[in-house]
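Single-structure report; data block below.
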Amino acid sequence: MRVLAVVVGLLALAASFVVIGSVTPVTSSAEPLVAAAPYPAQDVDPEPGPTLDPQTEVDADKDRSRLVVGAAAAVLLGIVLWGRHIRKKRQQGG
């Protein structure tokens, strides 16, 4: 596995040298470069965004609590499965 990682790293390094070596430098032109903004000027004071009504805030709190309960359930499931794995190893060994 380590050999594969080293080979891939060396190939990536070699490819970067090939790409860098194939780039030709830009020759100077008679026209000067002009810096222009690629976007129109923005307003200093943007319009206020939408406000959340109380029902949306309640839904957000409910979703947040569901995520916490789901994460706790996943952690507890992981502990149970890990314990069963350890118990099975002990029973097979002795």
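The values are calculated or read from the model by the stated rules, or taken from the named source; none is laboratory data. All of these numbers come straight from a predicted model, not from anything done at the bench. Note that we place each Cβ from the backbone using ideal geometry, even for glycine, and neighbour counts take in every protein chain shown.
Restricting attention to the stretch 26-60, which residues are surrounded by 10 or more Cβ atoms within 10 Å (Cβ to Cβ) and either hydroxyl-bearing (Ser, Thr, Tyr) or at pLDDT 75 or above (or both)?
Kept after step one, since they are surrounded by 10 or more Cβ atoms within 10 Å (Cβ to Cβ), are these residues of the stretch 26-60: 52, 56-60.
Within the stretch 26-60, Thr56, Glu57, Val58, Asp59, Ala60 qualify.
Take Val7 and decide whether it is modelled with pLDDT under 70, surrounded by 10 or more Cβ atoms within 10 Å (Cβ to Cβ), part of a helix (DSSP H, G or I) and β-branched (Val, Ile, Thr).
On the way: modelled with pLDDT under 70: yes; surrounded by 10 or more Cβ atoms within 10 Å (Cβ to Cβ): yes; part of a helix (DSSP H, G or I): yes; β-branched (Val, Ile, Thr): yes.
In short, yes.
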